[in-house]
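Take a look at the structure set out below.
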């Protein structure tokens, strides 16, 4: 046995040890990160993503009709803060809006105007009927007032009250967001842009 | 002039043209036939002592189901800015032919109230330059301020009387 043989043996032992160690480490890593692909990559539908984006950026049209409009304005200000739900950007042009809050009674002469504004809004669009008057005519059961705005435009969410407070309207917007999310990626959502 | 003086002056000047006159709660009121209203209005406006240069308002009334003839009445409220006195002219109109001449040639401001009369009561304003509906939509049928116009557009189904309510729900007509 020479000194060289002894050195070769030591080297071989060392190399085999390293190999074993590397194998252990790789096995451990395989075990630790076996679910990595599921943790780091989200699989979803494009429609769901679009719906998520839409529900968090509802831009209402500036369309105040009566006393409900005061509550609608209060909803947008800092105290109730519709910005928390992405619905604070009231647009003066219906062409930049995708949500119409019908806030107040609609007279017979206002109905065609309301319909025109609704038609001018780009798709997809949603309608919240705010208050008793917009929903069913309220106390105005007479010749002058349309008995429910759903006879003119399709309504997604009805908010009861006379007038409903800002928090009630916020709840209506949250309900509308739920509706958008439930519809997202389905045929109903496709119909809205058809 | 006081209301009594106004009524007395009109009686002496135009006694034959007016039907009757009174001072009601301090207001001078004259009753005029529809065929004489334009002459009387012209006299009231141009007479230097009366000088009714301002037409405050024109309204209508419907005395359906009341012991009063004729059924309709047009009420003119005149005021003199210079003299600071007022008068009310009541013009009765028949149910069959509610026609009245315009006074918009004397007071320009009569155009809109007269359109409102046409819209709300269906009175025919002779000589009006633009007789069309003012408040209701153009294609509307009926005159809403007539007493025989339906008060509600929909039946109210709420009632404390349960049987009445059920009947109403069953027979509820199709709404517009």
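Taking label points 7 Å from Cα along the Cα-to-Cβ direction, residue B:19 and residue B:90 give a separation of 0.9 nm.
Rg ratio for the range B:3-137: its Cα radius of gyration over 2.2 N^0.38 Å, N being its residue count, equals 1.02.
Among DSSP bridges having both ends in the range B:1-150, what percentage is antiparallel? Round to the nearest 5. DSSP beta bridges in the range B:1-150 are roughly 75 percent antiparallel. The range A:119-154 and the range B:52-67 have Cα centres lying 35 Å from one another. In the protein assembly as shown, helical runs assigned H by DSSP with n ≥ 4 each contribute -39500 (n - 2.57); averaged across all residues and rounded to the nearest 500, the mean residue ellipticity at 222 nm is -11000 deg cm²/dmol. Over chain B, Cα pairs under 8 Å with separation of 6+ residues give a relative contact order of 16 percent. Take every DSSP beta bridge whose two residues both sit in chain A, then give the antiparallel share in percent to the nearest 5. Bridges in chain A are about 10 percent antiparallel.
Note: relative contact order over the range A:15-104, using C-alpha pairs below 8 Å and six or more positions apart, is 33 percent. How big is the gap, in Å, between the Cα center of the range B:74-99 and the Cα center of the range A:51-85? Each part reduced to its Cα centre gives a spacing of 49 Å. Spacing of the modelled spin labels on residue B:51 and residue A:93, each 7 Å from Cα toward Cβ, amounts to 5.6 nm.
Pairwise inverse Cα distances across the protein assembly as shown, averaged and inverted, put the Kirkwood hydrodynamic radius at 27.5 Å. Each Cα pair under 8 Å and six or more residues apart adds its sequence gap; the mean of these over the residue count of the range A:48-192 is a relative contact order of 27 percent. Only Cα sites of the range A:48-192 enter the Debye sum here, all with the same form factor; the resulting log10 I(q)/I(0) across q = 0.09, 0.14, 0.16 1/Å is -0.24, -0.60, -0.79, listed in q order.
Every number here is computed from the coordinates shown, using simple stated rules; none is lab data. None of these values were measured; they are calculated from a predicted model. FYI the Cβ positions are ideal-geometry reconstructions off the backbone, even for glycines, and counts take in every protein chain you see.
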